[in-house]
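Enquirer: This is the structure, below, for whatever I ask next.
Values in this text are rule-based calculations from the coordinates and carry no lab data. Treat the numbers as computed from the prediction; the structure is a model and nothing was measured. Ideal geometry is used to build each Cβ from the backbone, glycine not excepted, and the neighbour counts take in all protein chains shown.
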Amino acid sequence: MRGSLPADLRDVLPRAELDVEAALEKVRPICDDVRHRGAAAVRELTARFDGVEIASARVPAEALRRALAELDPKVRAALEESIRRARLVHRDQRRTDVTTQVVPGGTVTERWLPVDRVGLYVPGGRAVYPSSVVMNVVPAQEAGVGSLAVTSPAQKEFGGLPHPTILAACALLGVDEVYSVGGAQAVAMFAYGTEECPAATMVTGPGNIWVAAAKRLLKGQIGIDSEAGPTEIAILADETADPVHVAADLISQAEHDTIAAAVLVTTSPELADAVEKELPGQVSATRHSERITEALSGRQSGIVLVSSIDDGLKVVDAYAAEHLEIHTADAAAVAARVRNAGAIFVGAYAPVSLGDYLAGSNHVLPTGGCACHSSGLSVQSFLRGIHVVDYSREALAQAAAHVSVLADAEDLPAHGAAIRARFDWRVPTEGS
């Protein structure tokens, strides 16, 4: 892309294909089954898709206690520090009620109230994600959600329970309502409720395409945070960047999935060449080299050469990456000019891996270009703003004429009549 940039930047940039629409028709009967048969359907679907027979979806309290007691002390210490840092950041996101005096005797107060109950989805499968427990639970707790439950896919290896590290993370956070259910049936369980699991108001957390499709299908029945797609990293770099760092960070996100996206945008052909030479050696040294190789060689990954940092900013804004790293001279100033990203990581010592675990930021972020209009998970995700209108008789009288004029302009005369009914004015009737 050196030279003039194409007008259709979003269409030409690398991006993973995720056909949620096609998945909708496959998850619809699953969700309908849970709606009509409840817990029995959840158990049967878990046996079908996860190959695990479960007597109950609810994880016993003893399993949570045992998982925490048996947790590696080093992992426990790391999780506790992750929780501490996440609480610091998310506690500062709390909203306060604000009252505005519009006119003497007339106020509007915006009250912030948490949703009543949230179902938090934690993925399972190729990797274990106790960090996603932290990222879902902490903002919900800091928002003041009164009832929250975590669900994660049943694992045959662990007797039909979620991975014990996930259970231990729940126990550390004081979450005692945990379910061993994954996929679309987990979203449906929270949406409709079952004999074992009360219905939730909202469902949050990343998952596979079936989770994303169920969220789309059931949105309205429940609130959702987003339809998470494959993870993404974009790196904007110039000639000052270290190719070892850049390669390592591209690999770190490609490790998630064969359809994970890793995109380097750079002004430096020399850096691009150095990164390409660096990648094979680092990839071959990793445990998941086959998965990473497939992700890096897929159509969703690539290197984009641009003529200037200004053009690079246009490219990364059009891409709107889930994670965006800035490896340039004066990285903080460049980062301040970015408009579209789920999270921005500034300089050589703020890699995405830090944000995944211990930066204090949230790693549940918009994917697929949705960062141009959506935010990552935060305390605000779990809050609702309610306007409380309080006007005196005198304040309403002052507004009455304007309300009547606007009501007539919209051909809604009863709106104006509702105002006049409160005073000694005659309320017109049909034909008068």
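Enquirer: Convert each backbone phi in segment 242-250 into a coupling constant with the Karplus relation 6.51 cos²θ - 1.76 cosθ + 1.60 (shift: θ = phi - 60°), then list the ³J(HN,Hα) values in order as whole Hz, x for Gly and Pro.
Expert: With the stated coefficients, segment 242-250 comes to 8, x, 5, 5, 4, 4, 4, 6, 4 Hz.
Enquirer: Give the relative contact order (percent, whole number) for the chain; include only Cα pairs under 8 Å separated by 6+ residues.
Expert: Reported relative contact order: 20 percent.
Enquirer: Let me ask something additional. So, by mean Cβ neighbours within 10 angstrom, what's the order for 384-390, 165-171, 178-184, 36-42 with the highest one leading?
Expert: 178-184, 165-171, 36-42, 384-390
Enquirer: For residue 287, put the label point 7 Å out on the Cα→Cβ axis and report which residues of segment 73-100 keep their amide N under 15 Å from it.
Expert: From segment 73-100, the list is 75.
Enquirer: Mind checking which lysines have their C-alpha under 30 Å from residue 314, skipping anything on the same chain fewer than 8 residues away?
Expert: 277
Enquirer: Long-range amide H contacts for residue 228: which residues qualify at under 5 Å (H placed 1.01 Å from N, peptide plane, sequence gap of 5 or more or a different chain)?
Expert: 207
Enquirer: So what's the angle, to the nearest 10 degrees on a 0 to 90 scale, between helix 73-91 and the longest Cα principal axis of the chain?
Expert: 30 degrees
Enquirer: So, R0 is 25 Å and r is the distance between the beta-carbons of residue 195 and residue 26; what FRET efficiency does that work out to, to 0.05?
Expert: Computed FRET efficiency for residue 195 and residue 26: 0.50.
Enquirer: Given all pairs of different Cα atoms, what value in angstroms does the Kirkwood hydrodynamic radius of segment 242-369 take?
Expert: 14.8 Å
Enquirer: Kindly write out, for segment 379-389 in residue order, the coupling ³J(HN,Hα) from the Karplus curve 6.51 cos²θ - 1.76 cosθ + 1.60 (θ = phi - 60°), rounded to whole Hz, with x marking Gly and Pro.
Expert: Taking θ as phi minus 60°, the curve returns 4, 5, 4, 9, 10, 10, x, 10, 7, 10, 9 Hz for segment 379-389.
Enquirer: Can you give the helix-only mean residue ellipticity at 222 nm for the chain, where every DSSP H stretch with n ≥ 4 adds -39500 (n - 2.57) and the sum goes over all residues, rounded to the nearest 500 deg cm²/dmol?
Expert: That calculation yields -13500 deg cm²/dmol at 222 nm.
Enquirer: Taking θ = phi - 60°, what integer Hz values does the Karplus form 6.51 cos²θ - 1.76 cosθ + 1.60 yield along segment 169-184, in sequence order, with x for Gly and Pro?
Expert: So the J values, rounded to whole Hz, are 4, 4, 5, 4, 8, x, 8, 10, 9, 10, 10, 9, 9, x, x, 4.
Enquirer: Another one. Could you pull out which residues in segment 348-389 have an amide N less than 18 Å from a spot 7 Å beyond the Cα of residue 248, following the Cα-Cβ vector?
Expert: 348-359
Enquirer: Here is a further query. For the chain, what is the convex hull volume of the alpha-carbon atoms per residue, in Å³?
Expert: Looking at the chain, the number lands at 200 Å³ per residue.
Enquirer: Run the numbers for residue 109 and residue 415: contour at 0.36 nm per residue of separation, minus the present Cα-Cα distance, in nm.
Expert: Residue separation times 0.36 nm, minus the Cα-Cα distance, leaves 107.9 nm.
Enquirer: Next question. To test your reading of the geometry: what angle, between 0 and 90 degrees and rounded to tens, separates the Cα axis of helix 20-37 from the longest principal axis of the chain?
Expert: So the inclination is approximately 70 degrees.
Enquirer: Let me ask something additional. Could you tell me how many degrees, from 0 to 90 and to the nearest 10, lie between the Cα long axis of helix 39-50 and the main elongation axis, the longest principal axis, of the Cα atoms of the chain?
Expert: That works out to roughly 30 degrees.
Enquirer: Sequence-distant or interchain residues sharing an amide H contact under 5 Å with residue 181, placed H: which?
Expert: Distant-sequence amide H within range of residue 181: 152, 154.
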